[in-house]
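Every read-out reported here was derived from the displayed coordinates using simple, explicitly stated rules and does not represent laboratory data. Since we're looking at a predicted model, the values are computed, not measured. As a convention, Cβ positions derive from the backbone with ideal geometry for all residues, glycine included, and neighbour counts pool all protein chains shown.
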Amino acid sequence: MTIDRSIKIAPSILSADFANFGQEIQCVEAQGADWIHVDVMDGHFVPNLTFGPPLCAAIRPHIHTVMDVHLMISPVDRFVDAFAEAGADILTAHLEAGPHVHRTLQAIRGAGCKAGLALNPGTGLCNVEHLLDMVDLICVMTVNPGFGGQKFIHSQISKVRELRSLIGDRPIHIEIDGGITADTAPLMAEAGADVLVAGSGVFKGGSVTDPAPYGTNIRTIREAAEAARTAA
Ligand code: DX5
Ligand code: ZN
């Protein structure tokens, strides 16, 4: 099986107007977003709180691309079915969220979603190898999870390069999350990433009444990433 390894830009609605998610999603999709990234935080696994399954269900009808749900919660398993029922296409759980990530990934696929595995910046790849046949996506965090607008952690570039080679021909997306701009996207595209999550990098400068900057931001990040790949 092969997958689409072209560069995909996934705006994180963590940087959108929280009073207006439906329109914000329509605007970024109209401006070229490939996926919509939804950051779920529990105030326990990460030091911030965002939203749960009802919000995901409410925004689902507005998403015409891919609903990519990033679960920064612990425990995870008891919520998998609720997020699947809310319409997630991809459910990503953290390797660090509990002792039974293998079971969590089984539950995600069992619920009919694609399974993602996220790694904090301090987590190495040694525990990933035995999970490779259970995942559709691996998300390398390039900030410590919990907040938008943080600074990109450069030490993750070599991790992505190593992960790309570990994955080989397997149909697994490499997603990068945190601090993505037109300056950092090329570093990750060149190292092997294909999905670039960007919150502040996409939503800066625009609004639902003036969405053109979203399009400019998406295009600028995409073009920088694609150019780095072509040069590689
Ligand atoms: C961080 C979240 C990210 C975040 C990215 O915990 O997982 O998705 O929203 O935001 P930026 O692109 O602003 O770093
Ligand atoms: Zn995220």
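Per the helix-only calculation at 222 nm, which mean residue ellipticity applies to the chain, given -39500 (n - 2.57) for every DSSP H run of n ≥ 4 and division by its residues, nearest 500 deg cm²/dmol?
It lands at -10000 deg cm²/dmol.
With the dipole of the stretch 108-232 worked out from charges on the C-beta (+1 for Lys and Arg, -1 for Asp and Glu) around the Cα centre, which of 208, 156, 225 lies farthest toward the positive end?
Comparing the listed Cα positions along the dipole, 208 ranks first.
Once phi is turned into θ = phi - 60°, what whole-Hz ³J(HN,Hα) does the Karplus curve with 6.51, -1.76 and 1.60 give for every residue of the stretch 186-194, x standing for Gly and Pro?
Along the stretch 186-194, the couplings run x, 4, 7, 5, 5, 6, x, 6, 10 Hz.
Run through all the Cα pairs of the chain and give the fraction in each 10 Å bin from 0, expressed as whole percent.
It works out to 8, 36, 39, 15, 1, in whole percents.
Going by how many other beta carbons lie within 10 Å of each one, how would you line up 42, 210, fewest first?
210, 42
Report the gain in length on full extension from residue 85 to residue 165: 0.36 nm times residue separation, minus Cα-Cα distance, nm rounded to one decimal.
Working it through step by step, the gained length comes to 25.4 nm.
If the chain between residue 219 and residue 19 were fully stretched, how many nm would it gain, using 0.36 nm times the residue separation less the Cα-Cα distance?
69.4 nm
Calculate the dipole size of the chain relative to its Cα centre from +1 charges on Lys and Arg beta carbons and -1 charges on Asp and Glu beta carbons; express the result in debye to the nearest 20.
240 debye
Pull out the extension gain between residue 62 and residue 109, defined as 0.36 nm times the separation in residues minus the alpha carbon to alpha carbon distance; nm, one decimal.
14.5 nm
Could you tell me the distance between the Cα centroids of the stretch 4-74 and the stretch 123-177, to the nearest Å?
The stretch 4-74 and the stretch 123-177 have Cα centres spaced 19 Å from each other.
Which aspartates and glutamates have a Cα lying under 20 Å from the Cα of residue 204, excluding residues fewer than 8 positions away in the same chain?
Reachable aspartates and glutamates: 17, 24, 29, 34, 39, 177, 183, 223.
Considering amide H positions built from the backbone, and no H for Pro or chain starts, which residues 5 or more places from residue 8, or on another chain, come under 5 Å of its amide H?
195, 196
Grab the beta carbon distance between residue 230 and residue 96, set R0 = 35 Å, and tell me the FRET efficiency rounded to 0.05.
0.50
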